[in-house]
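One structure is given here, and the rest of the page talks about it.
The values are calculated or read from the model by the stated rules, or taken from the named source; none is laboratory data. This one's a predicted model, so the numbers in the text were calculated from it and none came from an experiment. A quick note on method: Cβ atoms are made from the backbone with ideal geometry, for glycine too, and the neighbour counts reach across all protein chains shown. Just so you know, the surface numbers come from the protein's heavy atoms only, side chains and all, with ligands and any DNA or RNA stripped out. Shrake-Rupley method; radii C 1.70, N 1.55, O 1.52, S 1.80 Å.
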Amino acid sequence: MALKRMDNVGIVVEDLDVTIDFFRELGLNLEGRAMIEGEWAGRITGLGDQRVEIAMMRTPDGHSRLELSRFLAPAVVADHRNAPVNALGYLRVMFAVDDLDDTLERLRGRGAELVGEVVQYQEAYRLCYIRGPEGILIGLAQELG
């Protein structure tokens, strides 16, 4: 058996509505939203009886998804949102964009903050990191030429 694909990346948030709106502004589409609860779900995660509201966001090309989760039970036990880029564990999600300046302008209207600065790597890319809703670290890359 061979690996078929990476299905999604999951991010736990407090405010699901604000986060959905932010990723819609970036260009993702809301694929669906549902409540996941019960002991069957807890057997997968190891959390026991859980109640989680999820939203699945899909990239415009249809190849990648982002699963946003808001835990109602059990309570969230750790907060890594403000960890720097060199922290162990979740690093960031990187998105390719057509126009980095336009994307930054639109996302700043949704509260995004530039982490460092926009840089150019050779003649290939313009890149930056931003903090999105709840401090989520996001990379943006514009291919040049």
Worksheet item: If you roll a 1.4 Å probe over the heavy atoms of the protein chains, what accessible area per residue do you get for the chain, in Å²?
Response: 63
Item to complete: Report the net charge of residues surrounding ILE54, where surrounding means a beta-carbon distance below 15 angstrom and charges are Lys +1, Arg +1, Asp -1, Glu -1.
Response: -3
Item to complete: Mind giving me the nanometre distance, one decimal, between the label points for ARG43 and ALA96, set 7 Å out from Cα along Cα→Cβ?
Response: 4.0
Discussion item. Compute the distance from the alpha-carbon center of the stretch 85-145 to that of the stretch 1-66, in whole Å.
Written reply: 21
Worksheet item: Longest exposed-loop-site-free stretch of the chain, with trypsin sites (Lys or Arg not before Pro), DSSP loop and at most 10 other Cβ within 10 Å?
Response: 6-145
Fill in: Computed magnitude of the charge dipole of the stretch 1-65 (debye, nearest 20; Cβ of K, R +1, Cβ of D, E -1)
420
Worksheet item: Between ALA75 and LEU88, 0.36 nm times their residue separation minus their Cα-Cα distance comes to what?
Response: 2.4 nm
Discussion item. Which residue, GLY10, GLY48, ALA75, has the largest displacement toward the positive end of the dipole of the chain when charges sit on each Cβ (Lys, Arg +1; Asp, Glu -1)?
Written reply: GLY48
Worksheet item: At a Förster radius of 30 Å, what calculated FRET efficiency corresponds to the Cβ-Cβ distance of LEU3 and ARG33, to the nearest 0.05?
Response: 0.60
Practice prompt. Sorted from largest down, give the three principal axis spans of the alpha carbons of the stretch 26-82, whole angstrom values.
Written response: 35, 29, 15
Response to the item:
Farthest towards the positive end of the dipole of the chain, among HIS63, CYS128, GLY116 and with Cβ unit charges of +1 on Lys and Arg and -1 on Asp and Glu, lies the Cα of HIS63
Discussion item. Restricting to DSSP loop positions (anything but H, G, I, E, B) with no more than 15 other Cβ atoms inside 10 Å of their own Cβ, which GluC sites (Glu not before Pro) remain in the stretch 1-110?
Written reply: GLU14
Fill in: For the chain, calculated [θ]222 nm from helices alone, where every DSSP H run of n ≥ 4 adds -39500 (n - 2.57)
-5500 deg cm²/dmol
Worksheet entry | Answer label for mean projected area of the Cα convex hull in nm² (calculated), chosen among (1) 10.5; (2) 18.0; (3) 8.3 | (1)
